[in-house]
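Here the structure comes first, spelled out in structure tokens, and everything after it is commentary.
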Amino acid sequence: MNSFEPQIIAFLCNWCSYECADSVGRAQKEYPSNLKIVRIMCSGRVDPQFILEAFQKGASGVLILGCHLGDCHYKEGNVQAMKRYIFLKQLLPQFGIEKDRLRLDWVSATETEKFTMIVSTMVEDIRQMGPLVARR
Amino acid sequence: MKKQISIDPVTRLEGHGKISLFLDDEGNVERAFLQVPDFRGFEKFCEGRAAEEMPTLTQKICGVCPTAHHTASAKALDDLFKVEPPRAARKIRELLYNTFMFEDHLLHFYFLGGPDFIVGLDAPKDKRNFFGVRDTLGVDVARKVIEIRKKARELNAMISGSPLYPVCCLPGGISKPLTEEERICIKELSADFVPFAEYTLKIFANVFLKKKEYFDLMVSDIYHHRTYYMGLVDDNNKVNFYDGKVRVVAPDGKEVVKFTAKNYLKYMQERVEPWSFMKMVYLKNIGWKGFVDGAGSGIYRVGPLARLNASEGMATPLAQIEYTKMFNALGGKPVHYTLAYHWARLIEVLYAAERIQELANDPELTQPKVRSIPDNIEGEGIGVCEAPRGMLLHHYQTDRKAILQKVNLLVATQNNAAALQMSIEKAARSVIKGGNVSDGLLNMVEIAFRAYDPCFACATHIISK
Amino acid sequence: MEKPKIALYWCSSCGGCEESVLDLAEDLLDLAESVDVLFWPVAIDMKYHDVEMIPDGGITATLINGAVRMDNQEQMAKILRKKSRLIIAHGSCAHLGGVVGLANFFERRAILNRSFKEVPTVKNSQGVLPGDETKEYRKELGLPHFHNTVKALDQVVEVDYYIPGCPPTPQLIKKALLAILHGGLPLKGSVIAEKKALCYFCSRKESKPDMIEIKRFKRLYEEEWDPARCFLDQGLICLGPATRGGCEERCIKANMPCRGCFGPPDNVADQGAKTLSFLASLFESTDEKELKRLFNSIPDPAGLFYRYGLASSILKGKMIRQ
Amino acid sequence: MKAGIFICECGPNIRDAIDINDIATFARGLEHVVFTASFNLLCSEEGQNLIERDIKKHNLSHVIIAACTPKEHENTFRKVLSKAGLNPFLLQVVNIREQCAWIIKDRVLATQKAKAMIAAAVRRVALHEPLEVKEIQCESDALVVGAGIAGMSAALTLAQKNRKVYLVERLPCIGGKAARFEKVYPHLECASCVLDPLMDEVLHHKHIEIMTYSEIQEVLGSYGNFIIKVKKKAQFVDSKSCIGCGACFAVCPVKVKNEYNEGLDKRKAIYIPYPGALPHIAAIDKEHCIRFQGKECNACQDACPFGSIRYEETDQIKELKVGAIVLATGFDVFDPKRASQFGYGKIRNVYTSLEFERLLSSNGPTGGKILLKNGEPPKRIALIHCVGSRTKKHNEYCSGVCCMYSLKFSYLIKEQLPDSSIIEFYTDFCLPGRESQGFFNNLAGKEGVDFVQVKNIDSVGLTQRQDNILITYKDMHGKRKKLLFNLVVLSVALEAARDAGKLARIFGISQGKDGFFLEEHANIAPVSTSIGGIFIAGCAHGPKDIQSAVTEGQAAAGRIFSQLIPGENLFLEPITAEVNEDSCSGCKTCVSLCPYKALTYDSVKKIVSVNEVLCRGCGVCVAACPSAAIKARNFTDNQIVAEIQGLLQG
């Protein structure tokens, strides 16, 4: 089980969180290579279908990062993201997916510490949960 | 060296079926099996669903008798939520239900079971179907059959939205009342139901009663089994499709028990055979004695003939006349001839048609109040009704939020399952001798179960507790 | 000239699709004139060995209904694929997996045990299961294998067209058959129904406000509702916005909300996820607790959003336990 | 499809952390990929030429560039594609520097991840569609609402570069509130010396069309092409011939409170707001003129030497076509009646700061003399800060200007009444900027000007004592104290204009919870709003001093200059949403989600349409659409799903 390396898909919004990932890079702070980033304009673009696709195609966890509430580049896109996230989180257990495999959080462009913290704890948590096997 | 013959799939019935015959060295039938090779496992996946969705969910068990499942389910919910539908709602449900019985029974006579006799047992197999019926009785009759069926469908669509799958039943009533315009329209649509039912009985008379070889076949030992019979009856022990008590009569016609559906667990038990997905129900207190008939065996039958055997008459005048006529012609109650199911079925068609007319003329039908809103969730509910093929029972248990925890369903054809097996085996043994097998003879085996109008789709989706 | 040859077959199904063919009523007779029906278990006496006689491509079109649950159904579907120039998935089960697909919330074992061992009506002390070896005629009496996962037809064979619906309307079946007989079939892979979602055709459309604001979802048994007003606006879940149109609004006419039997519109991979998406946007609240409460006021969301489409949804069912 | 992959070594940055050859070979093996190259520095002139050359040479149809973050050079590389004759959007940049090289120390893992990312990019770019940068023709004229200091600066700045500007003012005169001040800080210049030339220029500028006594009724269209309905209220005086001689008000029998002097004196029903108000033209106020109550009266008409009175005049609706809008609709002051402890309106000689400005003003009710109601000059004067500001009860914010104008008052009082003694009651001083502290220090030195700090303003209470006013308060140690005054000025908060809500609705912009118009972004887009082409300036956007109001007016003008150029088209963001009319069911799910009002329901077609001018391409509507009828250009569902698959399965 410990040898299991989870793959985590992260949806990052162009303005705060993707910028933050870049800052982390520029600061050359290390974080687990398990995280695979998909760049979108706004966390509000995240369609629940994307999250299910990720789980179906082999992700053991999905992370959504957006601008802090109130700081959304598009005013309230992140609010919509949050609503769908909360709804989907409630639904996942019926599909045998633990709620904690899906995570949403807010990071500003400068919160590099928070970013690396979120990523490494999530990778660790999911390594503990083990892999998911989707029906074919 | 044994020889196996299989009829696969068995045709002109609802669902998947296969008959396997095993001939001994003399070419005589040693054993015959009616296998049902399909299973959808409905049972499990209704757990966790919302109770109020069950009438529209469980009816997908069977596209031939969805209205039966829809109704049994709704009645189980009435019980679960402890609500009594308003009078108008109950009557509309009954109207919906009788129209469905009317239509479904006719379908069997003209499309499924009837063609064997209307077209002829000796007819080539590609003729033994509705198109053959069209050629035999003439295209006008065929068109009339279709027209009548269409009217029945329209009538039900008006009440329930869909001509096939009703969606109108809710705990404590139905989703919409009927307007006076609709009632008038219903009257017109159903105007020629009774005449057509009588006409169909005439056809039956011509085919069966006037043709000696068919009458002899009907009363021959090939298709004869002395079993118990079960059916719903009203307070006067008259046949009722929508509601009533469960009455069981012995092979000698005497009542052995009469119980309310709520106590079904006391009286009914199921058996599993490794060679079929269809479970077989039998009378618990008598028990399973193998595939044998007689008072000593718990095997019983349901459906049209069983209902007539288990009752003391029909609640409508014309049907009552036909009822007496049949028992007189076949030597009194109970009738054990499997092929008489065809006759009993058409008497029920007449009854349904008469009942539809009564209801269509009932002023209460258009009262606006059609729902009673429940104020508590009892947590357990049982609903029963007479499906075309026999008694159907839904049993639900839910949590406080009316989410299903346990479900149990006893379906018409399961009640007949053991009898079906006996019937085809007996028929096979009687008609196939000395290795002489032909399509015609094999069909003689098939007519043994077609008489029951079995529904294997239903029978293999038992949602179990 | 020779008539087109048609076959109908059912996999794991209820027979409703057959009935809806009979509901073609008088059109059925006319159609019967212009085609040869080679195989149709519910209506005519042709057996499997008759089917094997048919040369490859010998059938113009085969309508298959029902989901694929047993291995013999998969085999038959493959045989018919070979024999037929066109395969048409007929009805929700063949199209999406249908109600049967809900079984994908459970494992094979649990489903069998439930009905054949655990039920109170069953007396089965030896714990016999259908498909177990029989004492007599072991081989001959074997039963087909019961798969762990229910599949839609196009998950086992290539499907040319889809007729959606539980059941499909006779109109759509007619439309499809006429297109087959007289040409004019749409793009391969098309679903033969409307492109737009049900909402567009709904008689209650005008009553739907730009912004719906509801405090919670109501259960169908809780109260009566306005027979003319948008269900969503009344707090009743309706899958209309996420469901393909063409059903003739049967349920709406009966004053009942949509349950999604026509499946998602084109380009939607997961009807349930989309339903969740649009429901989430109905709420003003941004408070996590409140939103949880709102969502939890939906009983059995997965069973409702995926009523007909689970088997063909992105996840296809519950994750498999290792 | 022929995809080419260019890998940037970014000097040692990527080269040292990732096995370039390994990923190049891997990439070469991917479907659609016909060409791979790596280079030391792709963003360099040389690198760009190399890309352009290879695109042409191998006639590539799609390009993947594995380098640094797209936020750095995506545009650079898009230009390169254009130069090479490819649509710039057939490009996908893979961020292997920030996301691999710099954050994964293990070379093997870094290389592995880079491969997955490249595989994902190839799958994604295969689904890219060429996008056109759409252009729309647009009006370069502008509408400025509110002819206060901010509005005038915006109008002038625009007009100076020959933009036609419609300057709409609700009142009969321009200049806003500042025009009614006597002197302005920090240099105590006379306000009219500062403003009159400005107003004059506005008044006579050939590119500015002033519409006084006018109100906005309706706004249609969007950025570049607004259509505005303006109601010009009847003034009943011919603006051409009237010279404002005043003969008419002498004879007018009706007297009403003069709101332009904060009701401190009376005016007639035909009037000019205040001496020197511009334009200097009389107006009849219909509400009070007895003629319009049905009485027989021609007094003004008979008295007018120029025959300028036009009783028959009616309201006119004028339609304007403009490309952009500046809202500079100003503020209103806090009404102290809402804070009863100050006894405002009950106790004599208690004034709001705005009233006091009029008392000080040479064109005000007293001709600039500071007098008590009894005509005597006051001896002891109190100034109370923060009335209605910095308290949860009323306005949580600090109005930011009250300290300075209160200090200004002290200067001016001392100027006029050297022997008077002044006490300023305050809790804190807000003196930002280069000049303020000095302004305070100079005053603090003055004899007879004292500052009393109180714990909080709510602890200050006023009561009438004969002709005097008793002020009680808690000092910093919580001790109750009393002092006697004969005149008190309340430094009231600046609040959102009373009609801000109505305007917000008309223009479709948002308000903050304090009622002021909401900017698009507090830091990086302070004068634009969520609605493209609508800008805000001055106190309509929040409390401000004159300097900042002017700055914002000019800034708004600058935004318009930079985007609306006469004869040139407006370039639209190509990455926007697009509605597929065949699939849209008109379920309206998306409509309320769009923060830019870019989505509207077409009740004829029964579906929704996108206004690409307003859409910013966030994609919120796309995710919500249950019919997948909305496409997010360059972020389509299948592009993103392809990327996900690539990342997970290579």
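The values are calculated or read from the model by the stated rules, or taken from the named source; none is laboratory data. Values in this document were obtained by computation on a predicted structure and should not be read as measured data. Positions of Cβ are generated from backbone atoms using ideal geometry, with glycine treated the same way; all protein chains shown enter the neighbour counts.
Has the stretch D:264-274 got at least one residue that is surrounded by fewer than 16 Cβ atoms within 10 Å (Cβ to Cβ) and either of a type in the set (Ser, Thr, Tyr) or farther than 24 Å from residue D:152 by Cβ (or both)?
Looking for residues that are surrounded by fewer than 16 Cβ atoms within 10 Å (Cβ to Cβ) and either of a type in the set (Ser, Thr, Tyr) or farther than 24 Å from residue D:152 by Cβ (or both), one finds at least one in the stretch D:264-274, hence yes.
Go over the candidates D:502, D:481 one by one and state the one that is free of Cβ contacts under 8 Å to residues at least 40 places away in the same chain and either on the phi > 0 side of the Ramachandran plot or part of a helix (DSSP H, G or I) (or both).
Numbers: D:481 fails: either on the phi > 0 side of the Ramachandran plot or part of a helix (DSSP H, G or I) (or both).
Matching residue, one of D:502, D:481: D:502.
Tell me which residues, restricted to the stretch C:94-131, are out of contact with any Leu (no Cβ under 9 Å at 6 or more places or on another chain) and either more than 8 Å from every other protein chain (Cβ to nearest Cβ) or of a type in the set (D, E, K, R) (or both).
Selection gives C:107, C:108, C:109, C:114, C:118, C:123, C:125, C:126, C:127.
Looking for whichever is in contact with a Gly (Cβ under 9 Å, 6 or more places away or on another chain), within 30 Å of residue D:104 (Cα to Cα) and crowded, with 20+ Cβ neighbours inside 10 Å here; the options are D:120, D:114, D:178. Which one fits? Can you show your working first?
Values: D:114 fails: in contact with a Gly (Cβ under 9 Å, 6 or more places away or on another chain); D:178 fails: within 30 Å of residue D:104 (Cα to Cα).
So the residue among D:120, D:114, D:178 that is in contact with a Gly (Cβ under 9 Å, 6 or more places away or on another chain), within 30 Å of residue D:104 (Cα to Cα) and crowded, with 20+ Cβ neighbours inside 10 Å is D:120.
Quick test for you: out of D:191, D:250, pick the one residue that is on the phi < 0 side of the Ramachandran plot, surrounded by 15 or more Cβ atoms within 10 Å (Cβ to Cβ), in contact with a helix residue (DSSP H, G or I) (Cβ under 8 Å, 6 or more places away or on another chain) and modelled with pLDDT under 95. Break it down into steps so the answer makes sense when it comes.
Working: D:250 fails: surrounded by 15 or more Cβ atoms within 10 Å (Cβ to Cβ).
Only one candidate qualifies: D:191.
Would a scan of the stretch C:13-25 turn up a residue that is in contact (Cβ under 8 Å) with a residue 60 or more places away in the chain, farther than 23 Å from residue C:308 by Cα and within 12 Å of another protein chain (Cβ to nearest Cβ)?
Yes, the stretch C:13-25 contains a residue that is in contact (Cβ under 8 Å) with a residue 60 or more places away in the chain, farther than 23 Å from residue C:308 by Cα and within 12 Å of another protein chain (Cβ to nearest Cβ).
Would you confirm, using the coordinates I've provided, whether residue B:84 is surrounded by fewer than 24 Cβ atoms within 10 Å (Cβ to Cβ), assigned to a loop (DSSP other than H, G, I, E, B), more than 11 Å from chain C (Cβ to nearest Cβ) and among the acidic types (Asp, Glu)?
Values: surrounded by fewer than 24 Cβ atoms within 10 Å (Cβ to Cβ): yes; assigned to a loop (DSSP other than H, G, I, E, B): yes; more than 11 Å from chain C (Cβ to nearest Cβ): yes; among the acidic types (Asp, Glu): yes.
So residue B:84 fits the description; yes.
Among the numbered conditions (1) free of Cβ contacts under 8 Å to residues at least 12 places away in the same chain; (2) closer than 28 Å to residue C:17 by Cβ; (3) part of a helix (DSSP H, G or I), tell me where residue B:188 comes up short.
Of (1) free of Cβ contacts under 8 Å to residues at least 12 places away in the same chain; (2) closer than 28 Å to residue C:17 by Cβ; (3) part of a helix (DSSP H, G or I), only one is false for residue B:188: (2).
Residues of the stretch B:153-183 being more than 7 Å from chain C (Cβ to nearest Cβ), within 14 Å of residue B:67 (Cα to Cα) and not in a helix (DSSP H, G or I), which ones?
Within the stretch B:153-183, B:166, B:169, B:174 meet the criteria.
Please count how many residues of the stretch B:31-52 are more than 26 Å from residue B:6 (Cα to Cα) and more than 7 Å from every other protein chain (Cβ to nearest Cβ).
In the first step, residues of the stretch B:31-52 are kept if they are more than 26 Å from residue B:6 (Cα to Cα); the result is B:42-52.
Filter once more, so that each one left must be more than 7 Å from every other protein chain (Cβ to nearest Cβ): B:42, B:46-47, B:51.
Final tally of qualifying residues: 4.
Restricting to the stretch D:439-462, count the residues that are more than 22 Å from residue D:339 (Cα to Cα) and free of Cβ contacts under 8 Å to residues at least 24 places away in the same chain.
Total meeting the criteria: 5.
Residue check: is residue B:105 at pLDDT 95 or above and over 26 Å from residue B:446 (Cα atoms)?
Values: at pLDDT 95 or above: yes; over 26 Å from residue B:446 (Cα atoms): no.
No: the conditions fail for residue B:105.
Against the definition (at pLDDT below 85, in a helix (DSSP H, G or I) and in the same structural domain as residue C:66 (by TED's automatic domain parsing)), how does residue C:43 come out, yes or no? Break it down into steps so the answer makes sense when it comes.
Working: at pLDDT below 85: yes; in a helix (DSSP H, G or I): no; in the same structural domain as residue C:66 (by TED's automatic domain parsing): yes.
Considered against the rule, which asks whether it is at pLDDT below 85, in a helix (DSSP H, G or I) and in the same structural domain as residue C:66 (by TED's automatic domain parsing), residue C:43 comes out as no.
Taking the residues in the stretch A:44-84 that are more than 9 Å from every other protein chain (Cβ to nearest Cβ) and more than 21 Å from residue D:525 (Cα to Cα) as candidates, determine which candidate is surrounded by the fewest Cβ atoms within 10 Å (Cβ to Cβ).
A:60
Name the single residue, out of those in the stretch C:104-129 being touching a residue at least 40 places away in the same chain (Cβ under 8 Å) and out of contact with any strand residue (DSSP E or B) (no Cβ under 8 Å at 6 or more places or on another chain), that is surrounded by the fewest Cβ atoms within 10 Å (Cβ to Cβ).
First pass over the stretch C:104-129, keeping only residues touching a residue at least 40 places away in the same chain (Cβ under 8 Å): C:104-108.
If we keep only those that are out of contact with any strand residue (DSSP E or B) (no Cβ under 8 Å at 6 or more places or on another chain) as well, we get C:105-106.
Values: C:105: 22, C:106: 19.
Out of the qualifying residues, it is C:106.
Does residue D:118 satisfy the criteria of being within 14 Å of chain A (Cβ to nearest Cβ), touching a strand residue (DSSP E or B) at 6+ places or on another chain (Cβ under 6 Å) and either of a type outside the set (Gly, Ala, Ser) or in a helix (DSSP H, G or I) (or both)?
Working: within 14 Å of chain A (Cβ to nearest Cβ): yes; touching a strand residue (DSSP E or B) at 6+ places or on another chain (Cβ under 6 Å): yes; either of a type outside the set (Gly, Ala, Ser) or in a helix (DSSP H, G or I) (or both): yes.
Considered against the rule, which asks whether it is within 14 Å of chain A (Cβ to nearest Cβ), touching a strand residue (DSSP E or B) at 6+ places or on another chain (Cβ under 6 Å) and either of a type outside the set (Gly, Ala, Ser) or in a helix (DSSP H, G or I) (or both), residue D:118 comes out as yes.
So which residues in the stretch B:59-81 are small (Gly, Ala, Ser) and over 18 Å from residue C:100 (Cβ atoms)? Explain how you work it out, then say what you get.
Restricting attention to the stretch B:59-81, the residues satisfying the condition of being small (Gly, Ala, Ser) are B:63, B:68, B:72-74, B:76.
Correct list: B:68, B:72, B:74, B:76.
What are the pairs, 6+ residues apart or on separate chains, where a residue within the stretch A:10-29 that is within 15 Å of residue A:69 (Cα to Cα) has its Cβ under 8 Å from a residue that is in a strand (DSSP E or B) and small (Gly, Ala, Ser)?
Qualifying pairs under 8 Å: A:13/A:66; A:16/A:66; A:17/A:66.
Has the stretch D:520-528 got any residue that is assigned to a helix (DSSP H, G or I) and either of a type in the set (Val, Ile, Thr) or surrounded by 21 or more Cβ atoms within 10 Å (Cβ to Cβ) (or both)? Before you say what the answer is, go through the steps one by one.
Our first condition is that a residue be assigned to a helix (DSSP H, G or I); within the stretch D:520-528, this holds for none.
So far as the stretch D:520-528 goes, no, none of its residues is assigned to a helix (DSSP H, G or I) and either of a type in the set (Val, Ile, Thr) or surrounded by 21 or more Cβ atoms within 10 Å (Cβ to Cβ) (or both).
Step by step: first the residues of the stretch A:21-43, then only those that are among the small types (Gly, Ala, Ser) and either within 13 Å of the chain's Cα centre (by Cα) or facing chain D (nearest Cβ under 7 Å) (or both), then the one that is surrounded by the most Cβ atoms within 10 Å (Cβ to Cβ). Which residue is that?
If we take residues in the stretch A:21-43 being among the small types (Gly, Ala, Ser) and either within 13 Å of the chain's Cα centre (by Cα) or facing chain D (nearest Cβ under 7 Å) (or both), then A:43 is surrounded by the most Cβ atoms within 10 Å (Cβ to Cβ).
Could you grab the pairs with beta carbons closer than 8 Å, sequence gap of 6+ or different chains, first residue in the stretch B:307-318 and surrounded by fewer than 17 Cβ atoms within 10 Å (Cβ to Cβ), second one among the aromatic types (Phe, Trp, Tyr)?
Between residues of the stretch B:307-318 that are surrounded by fewer than 17 Cβ atoms within 10 Å (Cβ to Cβ) and residues that are among the aromatic types (Phe, Trp, Tyr), the close pairs are B:313/B:323.
Determine whether the stretch C:291-313 contains at least one residue that is in a loop (DSSP other than H, G, I, E, B), away from chain B (no Cβ under 14 Å) and surrounded by 21 or more Cβ atoms within 10 Å (Cβ to Cβ). Can you show your working first?
Our first condition is that a residue be in a loop (DSSP other than H, G, I, E, B); within the stretch C:291-313, this holds for C:297-300, C:306-309, C:313.
Still in the running and away from chain B (no Cβ under 14 Å): C:313.
With surrounded by 21 or more Cβ atoms within 10 Å (Cβ to Cβ) added as a condition, the list becomes C:313.
Yes, that holds for at least one residue.
When you scan the stretch C:187-201, do you find a residue that is part of a loop (DSSP other than H, G, I, E, B), more than 14 Å from chain D (Cβ to nearest Cβ) and over 28 Å from residue D:604 (Cα atoms), even just one? Even if it seems obvious, please write down each step before you answer.
Kept after step one, since they are part of a loop (DSSP other than H, G, I, E, B), are these residues of the stretch C:187-201: C:187-190, C:192-196.
From the residues that got through so far, the ones that are more than 14 Å from chain D (Cβ to nearest Cβ) too are C:188-189, C:192.
Pick out the ones that are also over 28 Å from residue D:604 (Cα atoms) and you get C:188-189.
There is at least one residue in the stretch C:187-201 that is part of a loop (DSSP other than H, G, I, E, B), more than 14 Å from chain D (Cβ to nearest Cβ) and over 28 Å from residue D:604 (Cα atoms).
If you check residue A:97 against the conditions, is it within 10 Å of chain D (Cβ to nearest Cβ), buried (at least 23 other Cβ atoms within 10 Å of the Cβ) and among the aliphatic types (A, V, I, L, M)?
Against the criterion (within 10 Å of chain D (Cβ to nearest Cβ), buried (at least 23 other Cβ atoms within 10 Å of the Cβ) and among the aliphatic types (A, V, I, L, M)), residue A:97 does not qualify.
Residues of the stretch C:169-191 being in contact with a Phe, Trp or Tyr (Cβ under 9 Å, 6 or more places away or on another chain) and either buried (at least 20 other Cβ atoms within 10 Å of the Cβ) or without any contact (Cβ under 8 Å) to a residue 12 or more places away in the chain (or both), which ones?
Initially, the stretch C:169-191 is screened for residues in contact with a Phe, Trp or Tyr (Cβ under 9 Å, 6 or more places away or on another chain), giving C:176, C:179-180, C:185-186, C:188-191.
If the condition is that a residue be in contact with a Phe, Trp or Tyr (Cβ under 9 Å, 6 or more places away or on another chain) and either buried (at least 20 other Cβ atoms within 10 Å of the Cβ) or without any contact (Cβ under 8 Å) to a residue 12 or more places away in the chain (or both), then C:176, C:180, C:191 are the ones that fit.
Can you give me the number of residues within the stretch B:130-149 that are of a type in the set (Val, Ile, Thr) and facing chain C (nearest Cβ under 7 Å)?
Initially, the stretch B:130-149 is screened for residues of a type in the set (Val, Ile, Thr), giving B:133, B:136, B:139, B:141, B:145-146, B:148.
From what's left, facing chain C (nearest Cβ under 7 Å): B:146.
So the answer is 1.
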